[in-house]
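In what follows, a structure is listed as structure tokens, so that the remarks can point back to it.
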Amino acid sequence: MEKIITAHKLTKRFGDFTAVNQISFAIQKGEIFGFLGANGAGKTTAMRMLCGLSMPSSGEATVAGFDIYRENEKIKRSIGYMSQKFSLYDDLTVKENMRFYGGIYGMTDTFIRDKTASILEQLHLEKEGDKLVGSLPLGWKQKLAFSVAIFHDPPIVFLDEPTGGVDPVTRREFWSMIYQASAAGITIFVTTHYMDEAEYCNRVSIMVDGRIEALDTPAQLKQTYQAKSMDGVFLKLARKATRAAD
Amino acid sequence: MRTLKFLLQKEFRQIFRDPAILRIIFIMPVIQLLVLPWAADYETKNIKLAVVDHDHSAYTRQLLNKITASGYFILNEYGSSYRQSLQQVENDKADLILEIPAHFEKDLVKEEKATLFMAINAINGVKANLGGSYLQKIIQDYNSEVRTEWIQFPRFSPETQIAVTSSNWFNPLMNYKYFMVPGILVILLTMVGTNLTAINIVKEKEIGTIEQINVTPIHKYTFILGKLLPFWLLGMIVLTLGLLIAYLFYGILPLGSFFTIYVFAAIYLFAVLGLGLLVSTYASNQQQAMLLSFFLMMIFILLGGLYTSIDSMPEWAQWITRFNPVSYFIEVMRMVVLKGSTLSDIRNYLYIMMGFALFFNGWAVISYRKRS
């Protein structure tokens, strides 16, 4: 299998504080990779380095075959990103948001029109296309944000706690969207707090205090740590944490 | 270029959907230009005068008539106790005390010499200064009147008198509005340029959309241009609105050409927009951006020559004004509006302003990073 993301001893320091401490991993193309860890474990920082938003202090990494130091602008063409903060414009309509993000990725007008129509149909939001995003409920917004993140059909999408604050039904729908994207060949890199979501991933890594403590399939991890669920695995590992949550 | 189109489209949609911004852009200039020029008037009037008269003679009555007839003074108190008048000053009921000694008339007639005493409330420096000199001038006038009354043949006058008459070039009636309105317009343009840009970008930081944009392959120059152009255009609209108000309400038509004003304003706006951009790269939330631009505006206004003449500032302060883009535009505005200066007259100012625009935008572009 082709490796689409690799990291080797990737490190980020903020002054004396080492947020991400020499993490190494490789992600296969088409994989759903779960990036787990307590608050403040360094998940978001690691993800921001891979997306070209944060400059690593040391170590190496490639995303879609591009080096994260020298080719970070090329990486940006190949990835979609959905941040922890909701990042669509509340004062633009659903369609206008899609047009804007599609436009700055250099998509053609026809592509934008067709894609917008198909997303609205998929989300059953045909009637809401001309409504301001700010007027939609949170669950819809999150699903919309995900659709916008993969609007330009990137090979990889990074999702930073995409289901935070969302009800269980919407979370389930959200994950079915993730499966659809994965089936279409998009590699998914997702951070989450919900251990039931970890079960949906092909492989998960668990970060504790800036280091990756475990990395395997959910089934293997449960066996190794003799736990009934991913919850148990997480609790066993996270208990070792000495760093305070942010 | 295509990316820029999408950015501009989005920016204009947001601007025209935000009633607060529209109100700021259209109502602020109207209110400021209609109200401020009347208040920001250098002419000191309504100076409250307390007179302590120990003489009660015909001459004192003549003098007082002359003082009150000037229109600058209001006789608030007429008494014969200095202490009582001082109390009026303490209660802010009088700005000036004029004490007329006993035997004023007698001294003036017999000894050809009399002394008057003037006490000035200097809490309001401008009022005290001007009030004092107005009063002195009136008393001098009165003095020479008295002289001519006695000395029938002026050619035998023991003292030569030099009379100075003056005419005010470029603003013959010394109408302060001609002087203030162009200046206030500059301040308005500066506020639109700096504050709106800074707040707009910092707002994107706050809601997190800037990160979503940083993760796209968009070039940072394109992004910055997409932010500057809409506000540049808004600035030009505000300028047009301001010039229209200046004409309709104050009858101010620039002696020079509108073209000169617009050319300078076009470059000036890029300079202040660059400054706004710079503020936004250093501020992490809207409060910080507001405070920083407020601080800058204070310096710009007080060290910009709007209210006080730069030539009368201490040398070090004059040096600071050279780094203040506002001071150049205020001067250019006044030159074009009052003196009819042309593009070639303001050439040097134009170059300096281009320098400011390059400096601020260059610095902002360097300090704006897509990756932290």
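Within the range A:144-179, restricting attention to residues that are without any contact (Cβ under 8 Å) to a residue 60 or more places away in the chain and acidic (Asp, Glu), the residue that is nearest to A:Met47 (Cα to Cα) is A:Asp153.
Residues in the range B:266-298 that are surrounded by fewer than 16 Cβ atoms within 10 Å (Cβ to Cβ) and in contact with a helix residue (DSSP H, G or I) (Cβ under 8 Å, 6 or more places away or on another chain): B:Ala266, B:Tyr282, B:Ser284, B:Asn285, B:Gln288.
All told, A:Lys141 meets the bar of being open to solvent by 20 Å² or more (accessible area, probe 1.4 Å), basic (Lys, Arg) and touching a residue at least 24 places away in the same chain (Cβ under 8 Å). Against the list (1) closer than 16 Å to A:Asn39 by Cα; (2) more than 13 Å from the chain's Cα centre (by Cα); (3) polar (S, T, N, Q), the condition A:Gln220 fails is (1). Somewhere in the range B:24-47, is a residue open to solvent by less than 70 Å² (accessible area, probe 1.4 Å), without any contact (Cβ under 8 Å) to a residue 40 or more places away in the chain and under 30 Å from A:Asn97 (Cβ atoms)? Looking for residues that are open to solvent by less than 70 Å² (accessible area, probe 1.4 Å), without any contact (Cβ under 8 Å) to a residue 40 or more places away in the chain and under 30 Å from A:Asn97 (Cβ atoms), one finds none in the range B:24-47, hence no. With respect to the stated conditions, A:Gly106 is within 11 Å of chain B (Cβ to nearest Cβ), free of Cβ contacts under 8 Å to residues at least 60 places away in the same chain and touching a Pro at 6+ places or on another chain (Cβ under 8 Å). The combined condition, being assigned to a loop (DSSP other than H, G, I, E, B), of a type outside the set (A, V, I, L, M) and in contact with a strand residue (DSSP E or B) (Cβ under 7 Å, 6 or more places away or on another chain), is fulfilled by B:Asp55.
Evaluating B:Val192 against the criteria (1) crowded, with 21+ Cβ neighbours inside 10 Å; (2) assigned to a helix (DSSP H, G or I); (3) modelled with pLDDT of 90 or more leaves one unmet condition, (3).
Here is a yes/no grid of residues against (1) within 21 Å of B:Phe170 (Cβ to Cβ); (2) free of Cβ contacts under 8 Å to residues at least 60 places away in the same chain; (3) touching a Leu at 6+ places or on another chain (Cβ under 9 Å):
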| position | (1), (2), (3) |
| --- | --- |
| B:Leu303 | no, yes, no |
| B:Ile310 | yes, yes, yes |
| B:Met313 | no, yes, yes |
| B:Met333 | yes, no, yes |
| B:Leu338 | yes, no, yes |
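Annotation note: Cβ proximity below 7 Å between a residue of the range B:201-213 that is more than 10 Å from chain A (Cβ to nearest Cβ) and a residue that is open to solvent by 20 Å² or more (accessible area, probe 1.4 Å) and part of a helix (DSSP H, G or I) (sequence gap 6+ or interchain) occurs for B:Val202/B:Gln286; B:Lys203/B:Gln286.
Hey, which of the strands (runs of 3 or more DSSP E) in the range A:137-246, taking only ones fully inside, have at least 1 residues that are acidic (Asp, Glu)? Result: A:156-160, A:211-216. Looking only at residues of the range B:303-335 that are aromatic (Phe, Trp, Tyr) and surrounded by fewer than 16 Cβ atoms within 10 Å (Cβ to Cβ), we find that the one that is nearest to B:Ile352 (Cα to Cα) is B:Phe323. Here is a check on your reading of the model: is A:Asn72 in contact with a Lys or Arg (Cβ under 7 Å, 6 or more places away or on another chain) and at negative phi? Yes; evaluated as a whole, the condition is true for this residue. Of the residues making up the range A:75-96, those that are open to solvent by 20 Å² or more (accessible area, probe 1.4 Å), part of a helix (DSSP H, G or I) and at the interface with chain B (Cβ under 8 Å from one of its Cβ atoms) are A:Arg77, A:Glu96.
The values are calculated or read from the model by the stated rules, or taken from the named source; none is laboratory data. Not measured: the values here are computed from a predicted model. Cβ atoms come from the backbone with ideal geometry, glycine included; neighbour counts cover every protein chain shown. In case anyone asks, the SASA skips ligands and DNA or RNA and just uses the protein heavy atoms, side chains included. Shrake-Rupley method; radii C 1.70, N 1.55, O 1.52, S 1.80 Å.
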